[in-house]
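Worksheet for the structure shown next.
What follows is calculated from the coordinates using simple rules that are stated; it is not laboratory data. Bear in mind that the values here come from a model prediction, so they are computed numbers and not experimental data. Positions of Cβ are generated from backbone atoms using ideal geometry, with glycine treated the same way; all protein chains shown enter the neighbour counts.
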There are 2 protein chains.
Amino acid sequence: MNAGPDLPAILAGRERITAHIHRTPVMTCRSLDEMANARIFFKCENLQRTGSFKMRGASNAIFSLSEKDAAFGVVTHSSGNHAAAIACAARLRGIPAWVVMPENSSRAKLAAVEGYGGYVTLCAPTLEARESTANKLVAGSGATLIHPYNDDRIIAGQATAAVELLEEITELDMVIAPVSGGGLLSGTAIAAKSMRPAIRVVGGEPKNADDAFRSLESGEIEPAAAGKTMADGLRATLCERTFAIIRERVDEIATVTEEEILQAMRAVWERMKIIIEPSSAVAVAPLLTRRVRAEGMRVGVILSGGNLDLDHLPFGAPPH
Amino acid sequence: MNAGPDLPAILAGRERITAHIHRTPVMTCRSLDEMANARIFFKCENLQRTGSFKMRGASNAIFSLSEKDAAFGVVTHSSGNHAAAIACAARLRGIPAWVVMPENSSRAKLAAVEGYGGYVTLCAPTLEARESTANKLVAGSGATLIHPYNDDRIIAGQATAAVELLEEITELDMVIAPVSGGGLLSGTAIAAKSMRPAIRVVGGEPKNADDAFRSLESGEIEPAAAGKTMADGLRATLCERTFAIIRERVDEIATVTEEEILQAMRAVWERMKIIIEPSSAVAVAPLLTRRVRAEGMRVGVILSGGNLDLDHLPFGAPPH
């Protein structure tokens, strides 16, 4: 069983990436505290470079490469925040990044990757096509494949958000992060439990994509749920590596409905005046709905990102 | 001619309100800097308590009242950010606030004032009805009327945003604030020119509500323009007090179209991941359009507020 990166590896990652990422602010909000009956400290990775925490793991992976390996560039397949982060981090290191994206990706997502200087390679919209296209690119170029979460360097990088949060805000009772493939949640759990063993670590997950919840229940990795969720960053499933870490170190997975995600997202927009994507709201909703027991506690929340299409917002038109 | 509050009065105001307001962050954004070809420092009053800079002036006015006067409460007429700020500041002082609002105000605006504990008094949607209703309330209660900008305590309070910005960011070449009734712009101009005489002070104004621009051209206060603007916080006109200050201390009023306001607002949402209302974008648009000469300069921008109705956003539906 892979135990994931340890705290020294995470702290080494922090040193490695500190010049390339933003130290994001920790925000608080009186009215959300009242709704949750808790004291919430929001780690604002929506304000991170490229608009999500993915920049942490991508930078750590890319700046971990040897000079020789780096020179051949990197490859990844992703249609979301990891793709943009890999493109940005590769540019900072001055190496090429090839990003395999499904041909039905939105123009906005393609533009984000290209805006950071990544080379987009389109493929059919299936996981098989993505993987085989990425593998062909690797074989042809000698570039290094960087998986979005099945990689200790990625997990160590994502963990640095929790490190900053726990250094800045003392005596946290709980920390919540969204879970998808599990890179962020497993990194958060390793960092938080290493720095503060008594802390409770909770994952937030959409009910409509509750494979992590079910996997912890059953004790083995469950397939993706069939449901649709607006939290489009949370559709991946755990891998053996992240499952092992989460099983050992995460206390609870809290699932939330689409309506609860929407309400939490709206509350953050309206009350905090910051833009978070639905995936971030998945870590807020368990508090606002009081789904997790946090009464009177000091709770850290990782707001994972702020990228979404302003022309397709989930807010309804006014009632007729 | 009233010269407005001087720097000592502004600094006294800052002392008075510091416990009641947030010290808002100053944010920067690489991609907006590139669009403007300048280095921009955003003073985030959208993150201020009640969601706008109005909390500064309202707190200064309300905490300036004698114990005896304060006991009778305060009255104002406003359907926007000033109303919410007065209600909030009054509650902090533990005194009643009556807010006269037109009967066609949106539910969201009424709820904001009531949420802060203000007493809403509805009236017909005309300026005459507002004023007469407010005057009746004052006559009947002994409460103090607090005008949204024709008041040195208000102007001194609004000026504290610029004080914080100039203390934190040195060597600014220019500062831009939106202009409506002129409380924020005149306070900003007094503070900025007092602290840094060589600084250029610019007002941003919608072309469709360009009365301040025309007033500076003609040398007398011009009536409101007939046009409609999405910057609904900027529909008031200057008063003698603010006009005199702005004439003396503001170097330029830059006007921007509705499309430019929309694009600037969208750029801030997308790139900075913070929510600003259209009135704030009016101070950003002159830079992004390069309407004002700011090439290579260090420019401060007062983002005035972040209150808007998420069910009526100005972003279009996707093209068919």
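Calculated translational diffusion coefficient of the range A:73-218 (10 °C, 1.306 mPa s; Stokes-Einstein with Kirkwood radius over alpha-carbon pairs) equals 95 µm²/s. Ranked from shortest, the separations from the 7 Å Cα-to-Cβ label point of A:Arg91 to its equivalents in the other copies are 4.4 nm. Taking a point 7 Å from the Cα of A:Ala108 along the Cα-to-Cβ direction, none of the residues of the range A:81-98 has its backbone N closer than 11 Å to it. Its Cα centre serving as origin, the protein assembly as shown has a Cβ charge dipole (Lys and Arg +1, Asp and Glu -1) of approximately 720 debye. Among the trypsin sites (Lys or Arg not before Pro) within the range B:13-102, those in coil by DSSP and having at most 14 neighbouring Cβ atoms inside 10 Å are B:Arg23.
Might you report the magnitude of the Cβ-based charge dipole of chain B about its Cα centre, with Lys and Arg at +1 and Asp and Glu at -1, to the nearest 20 debye?
Dipole about the Cα centre, nearest 20: 620 debye.
For the range B:176-303, the normalised intensity computed at q = 0.13, 0.20 Å⁻¹ comes to -0.47, -1.11 (log10 of I(q)/I(0), Debye sum over alpha carbons, equal scatterers, no solvent).
If each residue of separation counts as 0.36 nm, what is the full-extension length gain between B:Ala139 and B:Thr121 once their alpha-carbon separation is subtracted?
Numbers: separation 18, 0.36 × 18 = 6.48 nm, distance 1.47 nm.
Value of the extension gain: 5.0 nm.
Which value in deg cm²/dmol, rounded to the nearest 500, describes the helix-derived mean residue ellipticity at 222 nm for chain B, given -39,500 (n - 2.57) per DSSP H run of n ≥ 4 and division by the residue count?
Numbers: 13 runs with 140 residues, N = 320.
-13000 deg cm²/dmol, from helical runs alone.
Run through every distinct alpha carbon pair of the protein assembly as shown and return the Kirkwood hydrodynamic radius in angstroms, one decimal place.
Numbers: mean 1/r = 0.0386 Å⁻¹.
Evaluated on the protein assembly as shown, it is 25.9 Å.
When the alpha carbon gyration tensor of the range B:55-145 is reduced to an equivalent ellipsoid, its three semi-axes come out at 20, 15, 10 angstrom, largest first.
Label separation (B:Ala226 vs B:Arg290): 3.5 nm, computed from points 7 Å beyond Cα along the C-beta direction.
Label-point spacing for B:Glu168 across the identical copies (point 7 Å from Cα in the Cβ direction), in nm and ascending order: 1.3. Only Cα sites of the range A:1-111 enter the Debye sum here, all with the same form factor; the resulting log10 I(q)/I(0) across q = 0.10 1/Å is -0.39, listed in q order. Restricting the range B:258-320 to trypsin sites (Lys or Arg not before Pro) that sit in a DSSP loop and have at most 15 other Cβ atoms within 10 Å of their own Cβ leaves B:Arg290, B:Arg293.
Restricting the range A:190-268 to GluC sites (Glu not before Pro) that sit in a DSSP loop and have at most 13 other Cβ atoms within 10 Å of their own Cβ leaves A:Glu220.
Think of chain A as a dipole: +1 on every Lys or Arg Cβ, -1 on every Asp or Glu Cβ, centred on the Cα centre; then among A:Ile176, A:Thr18, A:Gly157, A:Thr18 lies furthest on the positive end.
Within 10 Å of the Cβ of each residue in A:263-275, the mean number of Cβ atoms contributed by other protein chains is 4.
Highest GNM mean-square fluctuation among B:Asp173, B:Asp152, B:Asp309, for chain B modelled with Cα contacts below 10 Å: B:Asp309. The residue among B:Thr133, B:Val75, B:Ala87 whose Cα reaches farthest toward the positive pole of the charge dipole of the range B:55-145, with charges on the beta-carbon of Lys, Arg, Asp and Glu, is B:Ala87.
Within the straight-line cut-off of under 19 Å between alpha carbons, the aspartates and glutamates reachable from B:Lys136 are B:Asp69, B:Glu103, B:Glu128, sequence neighbours fewer than 8 places apart in one chain being disregarded. Overall shape of chain A was characterised from the C-alpha gyration tensor. The equivalent ellipsoid obtained from it has semi-axes of 29, 22, 19 Å, in decreasing order.
Exposure proxy check: B:Ile62, A:Ile246, A:Ile221 ranked by fewest other beta carbons within 10 Å?
On the way: B:Ile62 28, A:Ile246 23, A:Ile221 16.
By the 10 Å Cβ count, ascending, the order reads A:Ile221, A:Ile246, B:Ile62.
Each of B:Arg30 and B:Thr170 was given a label point 7 Å from its Cα along the Cα-to-Cβ line. The distance between the two points is 2.5 nm. Only the Cβ atoms of Lys and Arg (+1) and of Asp and Glu (-1) were treated as charged; on that basis the dipole of the range B:55-145 about its Cα centre amounts to roughly 200 debye.
Just to be sure I understand: if I project the alpha-carbon convex hull of the range A:269-310 onto a plane and average over all orientations, what area do I get in nm²? Kindly include the intermediate steps, with their values, before the conclusion.
Details: hull surface 13.5 nm².
Directional mean of the projected Cα hull area for the range A:269-310 stands at 3.4 nm².
Which values of log₁₀ I(q)/I(0), to two decimal places, follow from the Debye formula for the range A:125-197 at q = 0.20 Å⁻¹ with a uniform point scatterer at every Cα? The Cα Debye sum returns log10 ratios of -0.82. Pairs to check: A:Lys54/A:Lys273; B:Lys193/B:Lys228; A:Lys68/A:Lys109; A:Lys54/B:Lys273; A:Lys109/B:Lys43. Give those whose C-alpha atoms are more than 25 Å from each other in this structure. Violating the 25 Å limit, Cα to Cα: B:Lys193/B:Lys228; A:Lys68/A:Lys109; A:Lys109/B:Lys43. Split chain A at each of the chymotrypsin sites (Phe, Trp or Tyr not before Pro) in a DSSP loop with at most 15 other beta carbon atoms within 10 Å, and the longest piece is A:73-314.
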